Amino acid sequence: MANGITPQKAEDFITRRWLIMMSRASLIALEKRVMDMVRVLYMNPSKCFSRKNGKNYTKSEAVIMLDNKLEQLGVNYQRQYDLLKGVLASDKKKYDKMKSSDLTDRDVFEILVSKGIECLFQ
């Protein structure tokens, strides 16, 4: 949703920033859940993967496979986190250039609530 907003007004910047920050929070929550799952998987890695004939891999083979899958997941997670961080930094620079001092905290709150509800129900 955030990428669908081309910020040209202060309201657009605020809405986009809110959506990106929500995305980042979701990504962090996902990381926590994945790490909980990883702990469980490492308790018995040989049961995580099975061959086409139904037999399980040995523990050492399963650990290697699990390590490879988690490395790929970690790279993708870091790429997504860096992307969100970069977009927030870029938008902040653009917003600071056009910063409007006529927005009060109440106006910002009303924008977030109205735009947030609007985005959720589209």
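The figures follow:
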{"quantity": "Pairs, first within 15 Å of residue 47 (Cα to Cα) and open to solvent by 80 Å² or more (accessible area, probe 1.4 Å) in region 59-82, second among the hydroxyl-bearing types (Ser, Thr, Tyr) and in a helix (DSSP H, G or I), C-beta under 7 Å, six or more apart", "calculated": "59/46"}
{"quantity": "Tally, over region 3-49, of residues that are open to solvent by less than 70 Å² (accessible area, probe 1.4 Å) and of a type in the set (A, V, I, L, M)", "calculated": "11"}
{"quantity": "Those residues of region 1-16 which are in a helix (DSSP H, G or I) and touching a helix residue (DSSP H, G or I) at 6+ places or on another chain (Cβ under 6 Å), in sequence order", "calculated": "2, 11, 13, 14, 15, 16"}
{"quantity": "Some residue of region 63-77 being of a type in the set (S, T, N, Q) and in contact with a helix residue (DSSP H, G or I) (Cβ under 9 Å, 6 or more places away or on another chain)", "calculated": "no"}
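The values are calculated or read from the model by the stated rules, or taken from the named source; none is laboratory data. In this text the structure is predicted, and so the values were computed from the model without any measurement. As a convention, Cβ positions derive from the backbone with ideal geometry for all residues, glycine included, and neighbour counts pool all protein chains shown. Areas reflect the complete protein model, heavy atoms only, side chains present, ligands, DNA and RNA absent. Shrake-Rupley method; radii C 1.70, N 1.55, O 1.52, S 1.80 Å.
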